[in-house]
Amino acid sequence: MPSTDTVSAPSRLFVRHETRYEASVEVHPDQADQFRMSFPDALSDFKVVDVSKGGLGLRSSVFLPRNLRMILTVTGRNEEGVELPRPLTIRVIVRRCSLMDHKPSYLVGLQFVDAAGRDEQQLVKAAARAEESTGRTMDSGGTTRGA
């Protein structure tokens, strides 16, 4: 039986860079009447876990429906100590949302709306630099490998 997973490891287009930046989200104004987050704390409880040239992975305590357009504000310092020069505004579309554990905790796959955007490119470069400085890389399946 063929797999129904549309984003399998062999089909990845870009190398992913592991990171741990903090993020807050806002639903795109065009969809604000369709999806609302009732709890203000839920808007800022997100971690960017990986970044690629096409999008990013987000750890969330909130389920985010597929095709939801959002505006992420990515800030802070990742675990390697690399700090972003300013908050980055990233426009994304939810492509998948998978339950990771019972807390609840979800892994959300997000695609950049404008991968050539200034903030998107800056986020990818910062994640790549941080990963190079530690000598760790992620393989195509998302597993971190040491130097």
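Things worth noting here:
- Segment 95-110, residues that are within 14 Å of Val48 (Cβ to Cβ) and free of Cβ contacts under 8 Å to residues at least 60 places away in the same chain: Tyr106, Leu107, Val108, Leu110
- Any hit, segment 37-53, residues being of a type in the set (Gly, Ala, Ser), within 13 Å of Thr19 (Cα to Cα) and at pLDDT 90 or above: yes
- Residue list for segment 55-68, filter: surrounded by fewer than 18 Cβ atoms within 10 Å (Cβ to Cβ) and assigned to a strand (DSSP E or B): Arg59
- In segment 93-124, the qualifying residues are those that are more than 21 Å from Gln31 (Cβ to Cβ) and in contact with a Lys or Arg (Cβ under 7 Å, 6 or more places away or on another chain), and the one that is surrounded by the most Cβ atoms within 10 Å (Cβ to Cβ) is Val124.
The values are calculated or read from the model by the stated rules, or taken from the named source; none is laboratory data. Quick caveat: nothing in here was measured; it's all calculated off a predicted structure. Every residue, glycine as well, gets a Cβ built from its backbone with ideal geometry; the counts of neighbours run over all protein chains shown.
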